[in-house]
Structure formats: structure tokens, C-alpha cells
1. It is to be established whether one or more residues within region 81-90 are crowded, with 17+ Cβ neighbours inside 10 Å, hydrophobic (A, V, I, L, M, F, W, C) and within 23 Å of Arg142 (Cβ to Cβ).
2. From Ala25, Ala97, Ala67, Ala56, which residue is over 21 Å from Phe120 (Cβ atoms), modelled with pLDDT of 95 or more, under 14 Å from the mean Cα position of the chain (by Cα) and of a type in the set (Gly, Ala, Ser)?
3. Those residues that are of a type in the set (A, V, I, L, M) and in a strand (DSSP E or B), I need them from region 7-35; list them, please.
4. Among what's in region 35-53 and is polar (S, T, N, Q) and within 16 Å of the chain's Cα centre (by Cα), pick the residue that is farthest from Leu24 (Cα to Cα).
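The values are calculated or read from the model by the stated rules, or taken from the named source; none is laboratory data. Quantities reported herein were computed from a predicted structural model and do not represent experimental measurements. Note that we place each Cβ from the backbone using ideal geometry, even for glycine, and neighbour counts take in every protein chain shown.
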Amino acid sequence: MSLLPPATPFTLAVVSWQEHASALAQVRRTVFIEEQQIAEEDEWDDHDAECTHLLALDADGTPIGTARLFPSGRIGRMAVLRAWRGRGVGMALLQAALQRALAQSAPEICLDAQMPAIPFYARAGFVAEGDSFLDAGIPHRRMVYPATHVNASV
């Protein structure tokens with residue numbers, strides 16, 4: 001007998017901020033501002049319009065997760081609603097962002113991981129480098145995807 005909940009279907013979509021800002025912001029507000037107590041001014045920036053966004057939706061079309069990918073290959077704003085964590089949504093978002101970054105020949109694929117999330121990103125092949133630092137008052141570490149790190153310009 002499995003202790004895991006039954007697999008619940010979800011879908012991923014590649015979306016633009018311009019057309020899906022409300023759904024993307026809803027997930028980020030719940031996770032970052034409400035749950036993690038990040039200040040509004042630290043969450044919202046001018047980069048959303050330039051990024052490709054990934055949106056995870058449950059079977060009813062309700063937003064449950066998000067990630068954004070900069071043209072440079074930087075992945076950020078990974079967020080999954082608490083009820084959906086541990087069900088593969090985060091890894092699906094990360095793999096989709098990674099595939100898009102590789103397809104666009106990003107010079108370096110990287111991200112800034114909250115310290116407790118480092119093992120999650122490591123399972124996808126990312127490697128932590130450098131010292132920890134604070135971002136919005138939360139300890140982070142830079143992580144790189146080795147296949148692109150080798151070719152990155154310094």
C-alpha cells in the first residue's frame with residue numbers, strides 16, 4: 001500500500017507575462033509574499049515582461065506553479081503551491097525551463113536557490129557554487145547547470 005497520494009494530473013504551458021500575469025502573480029503572491037513573507041517590492045520587478053514563463057495548471061485549470069526563464073538562461077521565481085509540493089510539479093517546471101534554455105543555446109543556465117531547495121535542484125543536475133548570500137532576507141546559493149557552465153563567458 002502506497003502512502004503517496006494518487007497521481008493528480010497537471011499540465012504545463014509556456015506563457016507570456018502580458019497574457020497571463022494574473023495567474024502567474026497569483027501563485028507567486030501565495031508562495032513568496034504570503035507564505036515566505038517576502039516584501040512586495042522584493043517580489044515584483046521589471047523583468048517579467050522580458051522572460052518566458054512556465055505555468056502549471058491543475059486538471060480544472062487552476063494555477064498551481066510557475067517559473068520564469070530569462071533570455072540569458074537564468075531560471076527564477078520557481079513557486080509551487082504548498083498542496084502540490086512533492087507531486088512532481090516543481091521538477092516538471094524545472095525540466096521544462098531547462099529544456100527551453102538548452103534549446104535557445106543559453107550561454108549559461110543558472111539560478112539562485114534558497115538553501116533548503118539546493119537538494120531539489122541538485123537532483124536535476126545543478127551544482128552549487130560560491131558562498132551563500134541573502135536575497136529578500138532569505139539565504140540563497142547560486143547554482144549552475146554544468147553543461148552550460150563550461151561554455152559560459154567570464
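1. Among the residues of region 81-90, not one is crowded, with 17+ Cβ neighbours inside 10 Å, hydrophobic (A, V, I, L, M, F, W, C) and within 23 Å of Arg142 (Cβ to Cβ), which makes the answer no.
2. Numbers: Ala97 fails: over 21 Å from Phe120 (Cβ atoms); Ala67 fails: over 21 Å from Phe120 (Cβ atoms); Ala56 fails: over 21 Å from Phe120 (Cβ atoms).
Result of the check over Ala25, Ala97, Ala67, Ala56: Ala25.
3. Taking region 7-35 and keeping what is of a type in the set (A, V, I, L, M), we get 7, 12-15, 21, 23-25, 27, 31, 33.
Selection gives Leu12, Ala13, Val14, Val15.
4. Of the residues in region 35-53, the ones polar (S, T, N, Q) are 36-37, 52.
This time we only want the ones that are within 16 Å of the chain's Cα centre (by Cα), so: 36, 52.
Details: Gln36: 17, Thr52: 11 Å.
Checking each candidate, the answer is Gln36.
Let's see how each residue does on (1) surrounded by 18 or more Cβ atoms within 10 Å (Cβ to Cβ); (2) assigned to a helix (DSSP H, G or I); (3) touching a residue at least 12 places away in the same chain (Cβ under 8 Å):
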{"residue": "Ala92", "(1), (2), (3)": "yes, yes, yes"}
{"residue": "Gln95", "(1), (2), (3)": "no, yes, yes"}
{"residue": "Leu102", "(1), (2), (3)": "no, yes, yes"}
{"residue": "Ala113", "(1), (2), (3)": "yes, no, yes"}
